[in-house]
Ligand code: IPM
Ligand code: MN
């Protein structure tokens with residue numbers, strides 16, 4: 001008997017409601033041609049829209065299932081607008097949907113936010129590079145502390161908001177586990193595209209910030225356990241430049257939370273845009289898989305959104321399940337999906353509007369669903385041909 005993995009599917013708001021079903025479609029269709037079914041999906045509504053209707057960000061059942069029962073969570077994005085086009089907020093000022101988007105990272109202690117930046121052949125990049133294989137790195141962003149940890153407050157005097165403070169927390173434990181994760185990841189990869197050297201770049205601002213000095217000291221201690229991986233250091237500003245000027249020298253980069261957030265959007269841009277950027281938030285035992293892009297409420301309902309970021313996030317979920325449970329179906333499913341994405345992009349005919357640029361500007365944009373179906377079909381074929 002194969003182990004059945006239970007998956008909480010939380011599409012959320014806006015275009016995420018269009019792209020997550022395509023990721024599920026791809027996962028369902030590979031199982032159709034594999035020996036057994038090994039994923040059990042349970043889908044729940046959640047986010048800003050749900051909050052506007054019910055006064056809760058998600059049902060108690062959804063919250064319980066996601067936090068306590070699910071083996072993995074496939075999440076879209078949250079955030080929606082009211083009639084005046086203002087984001088819907090909770091009474092505490094946080095965006096409606098915060099408990100799911102950010103809350104889960106803290107509550108499930110998902111300390112590593114993993115953002116692969118890979119340029120697939122046939123995807124337009126704003127960089128002037130000769131070879132698509134020049135961009136293949138992973139940004140590992142600390143996910144539970146830094147400037148985004150919920151340690152903040154405002155000072156109000158006579159009803160006026162006079163001051164606001166966000167505390168940037170960096171701990172030894174937080175730095176140790178995320179840098180170790182980055183080194184272990186580098187060990188499993190093939191090195192940087194430019195020289196095939198396994199390398200972890202420590203991205204910080206340790207010329208200035210105490211938290212970053214601690215982060216770098218801990219990085220150095222952890223690095224001693226990985227003599228086969230090269231150490232590399234860059235201040236975050238220089239790293240942002242480096243991503244644009246010479247991305248091929250990077251293999252894995254590790255950064256505190258807010259720096260990782262910012263540079264991973266640079267990463268998304270060079271890999272063809274947010275529609276191409278998958279992500280995972282990974283902890284000791286639990287993990288959430290989600291595209292980097294948000295809910296883009298203005299595009300919702302047009303069938304235009306690129307589902308590839310979500311489909312690649314689903315492949316990351318299979319990789320993670322495969323590592324955790326030594327599950328061969330998951331491993332072969334993940335590679336079949338990535339190959340399918342690569343094939344569809346290389347051929348270039350079926351693609352959403354965001355990547356119909358440059359050489360591909362004459363291509364008639366396909367819908368979210370058409371792209372999802374095409375990738376699902378190819379992924380099935382890849383499995384059958386093995
Ligand atoms: C991301 C997003 C979130 C983050 C926002 C919505 C708070 O930008 O996942 O990168 O910064 O964590
Ligand atoms: Mn972000």
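Throughout, read-outs are computed from the coordinates displayed, never taken from laboratory work. Everything numeric here is computed off the predicted structure, so don't read it as measured data. Every residue, glycine among them, receives a Cβ derived from its backbone with ideal geometry; neighbour counts consider all protein chains shown.
Stretched out straight at 0.36 nm per residue, the stretch from residue 43 to residue 157 would grow longer than its current Cα-Cα span by 36.5 nm. Taken as Cα centroids, region 70-134 and region 345-386 sit 22 Å apart, rounded to the nearest whole angstrom. Take every DSSP beta bridge whose two residues both sit in the chain; close to 50 percent of them are antiparallel.
Need one number: % antiparallel among DSSP beta bridges in region 185-327, to the nearest 5. Close to 25 percent. Cβ crowding within 10 Å ranks 73, 337, 262 as 262, 73, 337, fewest other Cβ atoms first. Note on region 1-83: the alpha carbon radius of gyration divided by the globular reference 2.2 N^0.38 Å gives 1.20.
May I ask for log10 I(q)/I(0) of region 179-258 at q = 0.16 Å⁻¹, from a Debye sum over the Cα atoms as equal point scatterers with solvent left out? Evaluating at q = 0.16 Å⁻¹ gives log10 I(q)/I(0) of -0.55. Set the Cα radius of gyration of region 168-210 against 2.2 N^0.38 Å, with N its number of residues, and you get 1.40.
To the nearest 500 deg cm²/dmol, what mean residue ellipticity at 222 nm is calculated for the chain from DSSP H runs of n ≥ 4 alone, each contributing -39,500 (n - 2.57), summed and divided by the residues? Mean residue ellipticity at 222 nm (helix-derived): -12000 deg cm²/dmol.
Relative contact order, percent, of the chain when contacts are C-alpha pairs under 8 Å separated by at least 6 residues? Dividing the mean separation by the residue count of the chain yields 22 percent.
Semi-axes of the equivalent ellipsoid for region 224-312, please: Cα gyration tensor eigenvalues, times 5, square-rooted, ordered largest first, whole Å.
Taking √(5λ) for each Cα gyration eigenvalue gives 28, 17, 11 Å.
Computed on region 126-270, the Cα convex hull volume stands at 116 Å³ per residue. Normalising the Debye intensity of region 97-141 to I(0), with uniform scatterers on Cα atoms only, and taking log10 at q = 0.26 Å⁻¹ returns -0.89.
Size descriptors for the chain, from the alpha-carbon set: Rg then Dmax equal 20.6, 71 Å. Note on region 126-270: antiparallel DSSP beta bridges, both residues inside, total approximately 35 percent of the bridges counted. When you work out D = kT/(6 pi eta Rh) for region 38-122 at 20 °C and 1.002 mPa s, using the Kirkwood radius from C-alpha pairs as Rh and the Stokes-Einstein form, the result is 147 µm²/s. Taking other C-beta atoms within 10 Å as the exposure proxy, 156, 125, 144 rank 156, 125, 144 from fewest upward.
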